[in-house]
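A quick write-up on the structure given underneath.
The values are calculated or read from the model by the stated rules, or taken from the named source; none is laboratory data. Everything quoted here is computed from the prediction, not taken from an experiment. A quick note on method: Cβ atoms are made from the backbone with ideal geometry, for glycine too, and the neighbour counts reach across all protein chains shown.
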Amino acid sequence: MNAVLNPRPYRIDAIDRQIIVATQAGLPLVAQPWDAVAEQLGLDPDEVVARVAAMQAHDIIRRIGAVPNHYALGYRANGMSVWNVPDDMVAELGKQVGDLEFVSHCYERPRHLPLWPYNLFAMVHGHNREEVAGRVKVIAGMLRGACRGHDVLYSTRILKKTGLRINGG
Amino acid sequence: MDNIDRALVNELQDGLPVCRRPFDAISTRLGISVREVTDRIGKLLGDQVLSRFGPMFNAERLGGGLTLCAMQVPEADFERVTGQVNAFPEVAHNYAREHDLNMWFVVATERPERMAEVIGEIGTVTGCRVYDMPKMDEFYIGLKLPV
C-alpha cells in the first residue's frame with residue numbers, strides 16, 4: 001500500500017454527502033454553478049465552494065471537468081494492456097507508463113498464477129486497433145528487459161455501463 | 001464540432017478551477033462569453049460528445065469498496081452469465097474482452113465489507129470462478145484525448 005491508497009484521513013460529513021448527491025449526475029450549466037447547488041441545498045455558496053475545494057484537496061474529487069465519449073471523439077479502439085514486470089520495479093515503471101498521454105488508467109493489480117501472470121495494467125486508447133497496437137509497442141520499448149510478458153485485451157462489447165453512484169442515506 | 005468545441009473539450013479534460021465563477025477563465029482563453037461556454041457544453045452533452053460534466057468523484061475515497069473482477073465464461077453461457085452479473089446493482093461497468101478471461105467488470109460497494117459478499121454471490125450464481133484484481137497501486141488516472 002502506498003500514500004495514494006492511504007491518504008490523510010478525511011471523512012465526508014452529511015453536508016458533503018448532500019453536495020455529492022446533488023452533483024454526481026452533473027453540474028448545472030450556469031455561470032455560477034456552485035451558487036445554484038447552494039441554493040438547491042439551502043447552503044451558503046462560499047461554504048459549498050470551500051467544501052468542494054477541500055474534497056478536491058483530499059482527492060475525494062479528482063477534478064471538476066468533462067468525461068469525453070471516446071467513440072464520439074473518434075477513439076474507437078481501447079486495449080487493456082497488461083504486463084508482467086518485477087514487483088520491485090512496478091512502481092517506477094508504472095509511473096513512466098502512466099505518464100504517456102495515450103494511457104488513461106494505469107494500475108498495479110495482483111497476479112493469479114498460472115492463468116494470469118500480469119501485475120501492471122495500462123489502458124491504451126486509439127482511433128483504431130492498429131494505432132493501439134503501435135502504442136503498446138511504445139510501452140514495450142519503454143519496459144524492455146523488465147518485461148517478462150505482456151498481452152492486450154481488446155473490448156468487444158460494453159455489457160453494462162452505469163456510473164458509480166452513492167445514495168443520499 | 002467546430003474549432004471552439006474542440007478547444008473546449010480539451011480544456012474541460014484538464015479541469016475547471018473550484019471557485020464561484022469557474023467558467024470565466026475558459027471564456028477569456030477561448031474568446032467567447034460564459035453563456036456561450038455553458039451553452040456549448042450543454043450541446044456537447046446533448047450530442048453525446050461528452051458523457052458527463054461535473055465533479056469526478058474518487059469512489060474509494062468515499063469510503064466504499066472498489067475492485068476489478070474477471071471471469072472465464074464459456075461462450076455458450078455468455079448471455080446468461082451477462083444477465084446474472086449485470087443484475088447486481090454493485091456491478092458498475094462490464095466489458096466483454098478477447099481473452100480466456102472474457103468478462104471484466106467493476107464492482108463498487110458503499111460498504112467495503114459488502115465486497116466479499118458480492119464476489120461470493122456472483123461466483124455462486126454464475127458458477128464461474130471470479131478473479132478479484134483490486135488495485136494495489138495507482139500511477140495515473142484521467143484520460144486526455146486530444147481532439
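So the values come out like this:
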| read-out | value |
| --- | --- |
| Residue in region B:57-66 that is at pLDDT 95 or above and in contact with a helix residue (DSSP H, G or I) (Cβ under 6 Å, 6 or more places away or on another chain) present | no |
| Yes/no for residue B:102 being more than 8 Å from chain A (Cβ to nearest Cβ) and among the polar types (S, T, N, Q) | yes |
| Test: residue in region A:40-52 that is within 9 Å of chain B (Cβ to nearest Cβ), under 26 Å from residue B:36 (Cα atoms) and either under 24 Å from the mean Cα position of the chain (by Cα) or at pLDDT below 95 (or both) | yes |
| Region A:146-169 - residue that is modelled with pLDDT of 85 or more and outside any strand (DSSP E or B) and, of those, surrounded by the fewest Cβ atoms within 10 Å (Cβ to Cβ) | A:149 |
| Tally of residues being in contact with a Lys or Arg (Cβ under 8 Å, 6 or more places away or on another chain) and surrounded by fewer than 20 Cβ atoms within 10 Å (Cβ to Cβ) across region A:110-141 | 3 |
| Single unsatisfied condition, residue A:66 versus (1) among the aliphatic types (A, V, I, L, M); (2) loosely packed, with under 14 Cβ neighbours inside 10 Å; (3) at pLDDT below 95; (4) outside the structural domain of residue A:142 (by TED's automatic domain parsing) | (2) |
| Residue in region B:42-51 that is of a type outside the set (A, V, I, L, M, F, W, C), at the interface with chain A (Cβ under 8 Å from one of its Cβ atoms), at negative phi and in contact with a Leu (Cβ under 9 Å, 6 or more places away or on another chain) present | yes |
| Residue within region B:112-134 that is over 30 Å from residue B:10 (Cβ atoms), in contact with an Asp or Glu (Cβ under 7 Å, 6 or more places away or on another chain), assigned to a loop (DSSP other than H, G, I, E, B) and without any contact (Cβ under 8 Å) to a residue 40 or more places away in the chain present | no |
| Test: residue in region A:102-115 that is modelled with pLDDT of 90 or more, out of contact with any Pro (no Cβ under 8 Å at 6 or more places or on another chain) and more than 10 Å from every other protein chain (Cβ to nearest Cβ) | yes |
| Tally, over region A:44-55, of residues that are more than 22 Å from residue B:61 (Cα to Cα) and either in contact (Cβ under 8 Å) with a residue 60 or more places away in the chain or surrounded by 18 or more Cβ atoms within 10 Å (Cβ to Cβ) (or both) | 0 |
| Residue A:88 vs. criteria more than 26 Å from residue B:62 (Cα to Cα), without any contact (Cβ under 8 Å) to a residue 40 or more places away in the chain and either surrounded by fewer than 18 Cβ atoms within 10 Å (Cβ to Cβ) or not polar (S, T, N, Q) (or both) | yes |
| Meets criteria (surrounded by 17 or more Cβ atoms within 10 Å (Cβ to Cβ), modelled with pLDDT of 90 or more and out of contact with any Lys or Arg (no Cβ under 9 Å at 6 or more places or on another chain)) for residue A:72 | no |
